[in-house]
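Some notes on the structure that comes next.
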Amino acid sequence: MAELWGIIGGLSEIRGFQVVWENLPYFLEGALITIEVTALSVAMGMVLGLFAGLFRLSHRVLLRSVAIAYIDFFRGTPLFVQILLLHFGILPYFGINEAFTSAIIACGLNSGAYIGEIVRAGIQAVDKGQMEAARSLGMNERQAMTYVILPQAYKIVIPPLINEFIALLKDTSLVSTIAVAELTYRGNLVYANTYQAAWVWGAVAVIYFIITKSLGLFGDYVERRLKTE
Amino acid sequence: MIDIVDVYKSFGKLEVLKGINLHIDQQEVVCVIGPSGSGKSTLLRCINQLEKVEKGHIYVDGEEVTDPKTDINRVRQKMGMVFQHFNLFPHKTTLENITLAPIKIKGVPKEEAIEMAMSLLRKVGLEDKAHVYPANLSGGQKQRVAIARALAMQPKVMLFDEPTSALDPEMVGEVLAVMKDLALEGMTMVVVTHEMGFAREVGDRVIFMDEGQIVEEGTPEEIFNNPKNSRTQSFLSKVL
């Protein structure tokens, strides 16, 4: 115990450690905003992704084309560019100027495209005979989806969905570019004032890692639960 | 009950049905036999429009299922289908498998649907498995539940697509017994099968198909004891 205090006492002499220690509440507040942006984007992405995935598999050419165009655009261009385009180029015309809102719309649209592909793959992974059995009982396509296919697909999509959450959480660091005061943005500010690159960015990385690791462990837990069900 | 008029069907370049004509009477049990790839499963799947035909007409209970204007979902309720691989809903219990369609599609009150499902389960000898998930049933039990599920829609016709082909040999008998009971009750049945014993004993009529055509048809007696066509003779000599 005495040794531990010795180490901390020694560390507190180091300038970089002092910077991190003093700014820790500031960083954690930023981490909370990171989580907030991620959670709201994911919520939006899930709704968009469900429809994108369903439309992508639709027999109607119009719906399918819309879904393909949407997924292609948001998967085929950098999120960084999407954020800039939406925040400065498009959303102002809709009266949206607040960076936080732009960030959620950009990340939500982007993750919706990826989740759309996850949903499509999940639906296609359900055995073909399930749709046939449902249809042979007289269900129309929507009833078969609702009662038979989607309840089975959701178990299949959970692991890749958790993966997508983790990826998106890290990608929200890009919204620092439009001055959303999340974790990376705050890291940048503190670094610019102190030039303690290793300590500041090291601390930011550790905070990101703790959050993503927790999400990953939660994903493992959910997967285990689903397996035993 | 079922009229099939000059039906053609291809998968890409492969012609699987080449001008099928067939009439099936009410309460008739028709067994369709033939080598694999002869088109017998495809024919069955065309009857309830799981496959679309290219040419020709199919009528079920007076309604043309091949007419795009027909509400196929409504007509399908008159046809129960039993699949080779059971296709039970794995996320639902035995009871829920049976009650799902009556409750959601027909709007049968839940209590009533459960009551009917239980009596169907008694009929197939599985009332003790009502609250079990399909993963915990044997193959024969799964297929009996699948039959009960199809019957719950109170169909006028039952279509069986090789219902015992995916079963371990010792489980074939229990499924065939349920099917035989159904035939004795007067259900109209079309059975695609490799079970020659069943076709001979239960079938009113046996259809022999080969290369997308009906080669020969007749009573089980005629087909099994006195086949006229050489292809029928050679097929039966291999399987009997």
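The values are calculated or read from the model by the stated rules, or taken from the named source; none is laboratory data. Since this is a predicted model, take the numbers as computed values, not measurements. Counting neighbours? That spans all protein chains shown, and the Cβs are built from the backbone with ideal geometry, glycine included. Each accessible area value is taken on the protein alone, full model and side chains, heavy atoms only, with ligands, DNA and RNA left out. Shrake-Rupley method; radii C 1.70, N 1.55, O 1.52, S 1.80 Å.
Structure values in brief
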{"quantity": "Lone qualifier among A:Ile166, A:Ile178, A:Ile115 - being crowded, with 21+ Cβ neighbours inside 10 Å, of a type in the set (A, V, I, L, M) and away from chain B (no Cβ under 14 Å)", "calculated": "A:Ile115"}
{"quantity": "Those residues of the stretch B:122-135 which are open to solvent by 50 Å² or more (accessible area, probe 1.4 Å) and within 13 Å of chain A (Cβ to nearest Cβ), in sequence order", "calculated": "B:Tyr133, B:Ala135"}
{"quantity": "Filter result (open to solvent by 10 Å² or more (accessible area, probe 1.4 Å) and of a type outside the set (D, E, K, R)) within the stretch B:138-163", "calculated": "B:Ser138, B:Gly139, B:Gln141, B:Leu151, B:Gln154, B:Pro155"}
{"quantity": "Verdict on B:Thr99 being out of contact with any helix residue (DSSP H, G or I) (no Cβ under 8 Å at 6 or more places or on another chain) and of a type in the set (Ser, Thr, Tyr)", "calculated": "no"}
{"quantity": "Hits in the stretch B:149-191 - residues which are of a type in the set (Gly, Ala, Ser) and either over 20 Å from B:Leu121 (Cβ atoms) or more than 13 Å from the chain's Cα centre (by Cα) (or both)", "calculated": "B:Ala152, B:Ser165, B:Ala166, B:Gly173, B:Ala177, B:Gly186"}
{"quantity": "Residue pairs meeting the criteria (Cβ under 8 Å; at least 6 apart or on separate chains; first free of Cβ contacts under 8 Å to residues at least 60 places away in the same chain, in the stretch A:2-26; second not in a helix (DSSP H, G or I))", "calculated": "A:Gln18/A:Ser12; A:Trp21/A:Ser12"}
{"quantity": "Subset tally (residues that are open to solvent by less than 50 Å² (accessible area, probe 1.4 Å) and in contact with a Leu (Cβ under 9 Å, 6 or more places away or on another chain)) for the stretch A:55-87", "calculated": "8"}
{"quantity": "Hey, A:Leu4 among the aliphatic types (A, V, I, L, M), surrounded by fewer than 11 Cβ atoms within 10 Å (Cβ to Cβ) and assigned to a helix (DSSP H, G or I) or not", "calculated": "yes"}
{"quantity": "Residue check, B:Lys18 in a strand (DSSP E or B), of a type in the set (Lys, Arg) and surrounded by fewer than 20 Cβ atoms within 10 Å (Cβ to Cβ)", "calculated": "yes"}
{"quantity": "Matching entry among A:Ala134, A:Ala125 (being buried (at least 20 other Cβ atoms within 10 Å of the Cβ) and of a type in the set (Gly, Ala, Ser))", "calculated": "A:Ala134"}
{"quantity": "Complete set of residues in the stretch B:159-199 that are part of a loop (DSSP other than H, G, I, E, B) and either farther than 14 Å from B:Phe86 by Cβ or of a type in the set (A, V, I, L, M) (or both)", "calculated": "B:Ala166, B:Leu167, B:Glu185, B:Gly186, B:Met187, B:Thr193, B:His194, B:Glu195"}
